[in-house]
1. Among the listed residues 89, 77, identify the single one that is crowded, with 17+ Cβ neighbours inside 10 Å and within 12 Å of the ligand (Cβ to nearest atom).
2. Right, residue 63: under 17 Å from residue 109 (Cα atoms), in contact with a helix residue (DSSP H, G or I) (Cβ under 9 Å, 6 or more places away or on another chain) and either assigned to a loop (DSSP other than H, G, I, E, B) or touching a residue at least 12 places away in the same chain (Cβ under 8 Å) (or both) or not?
3. Say we look at the stretch 78-107 and pick out the residues that are over 15 Å from the mean Cα position of the chain (by Cα) and in a loop (DSSP other than H, G, I, E, B); which of these is farthest from residue 30 (Cα to Cα)?
4. Those residues that are under 20 Å from residue 14 (Cβ atoms) and in a helix (DSSP H, G or I), I need them from the stretch 49-60; list them, please.
5. Is it the case that residue 58 is free of Cβ contacts under 8 Å to residues at least 40 places away in the same chain and closer than 23 Å to residue 39 by Cα?
6. For the stretch 121-137, what are the residues that are outside any loop (DSSP other than H, G, I, E, B) and either within 14 Å of the ligand (Cβ to nearest atom) or out of contact with any strand residue (DSSP E or B) (no Cβ under 7 Å at 6 or more places or on another chain) (or both)?
7. Is the stretch 94-111 home to any residue that is near the ligand (Cβ under 8 Å from one of its atoms), in contact (Cβ under 8 Å) with a residue 60 or more places away in the chain, crowded, with 16+ Cβ neighbours inside 10 Å and on the phi < 0 side of the Ramachandran plot?
Ligand code: GDP
């Protein structure tokens, strides 16, 4: 059993497609172990995306991630990390395959609807960033 972290970003929350996105996960064999809607602080967003701190888009990314509430979810299942990445589609929605979450719900590379852990190791760290072990069932 593998776990991964999903974030439904502020653009998708504002569009009212939380349920539609969570349905993609459940319809594709992933289990929702825990989920919550939260408002990130500047410090939260900077820390979560610290790996991108030197990139030119870092400030835009942080500003976007704090522009409204997000939905943070732990997904569980066999190959959960890769299944979620496949469901998400490419980072740039213009390059995302038809039928993926980003192709269907994202507007551009900044407002691209979802985050998903990109390795099992990162998933463990990202899950621990948002949840304590006893919150995850
Ligand atoms: P992801 O794993 O597919 O979300 O992509 P990354 O981890 O590479 O990047 C994190 C987030 O930073 C992406 O989801 C985008 O919102 C943003 N991002 C990545 N690359 C770019 C870029 O070249 N330009 C801009 N404006 N944003 C980017």
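A short reminder: the numbers here are calculations on the coordinates, not readings from a lab. What you are looking at is a predicted structure, and each value in this text was computed from that prediction instead of being measured. With ideal geometry, Cβ positions are generated from the backbone for all residues, glycine too; neighbour counts draw on all protein chains shown.
1. 89
2. Answer is no for this residue.
3. For the stretch 78-107, the residue satisfying everything is 107.
4. Passing the criteria: only 60.
5. yes
6. 121, 122, 123, 124, 125, 126, 128, 129, 133, 134
7. Within the stretch 94-111, one or more residues are near the ligand (Cβ under 8 Å from one of its atoms), in contact (Cβ under 8 Å) with a residue 60 or more places away in the chain, crowded, with 16+ Cβ neighbours inside 10 Å and on the phi < 0 side of the Ramachandran plot.
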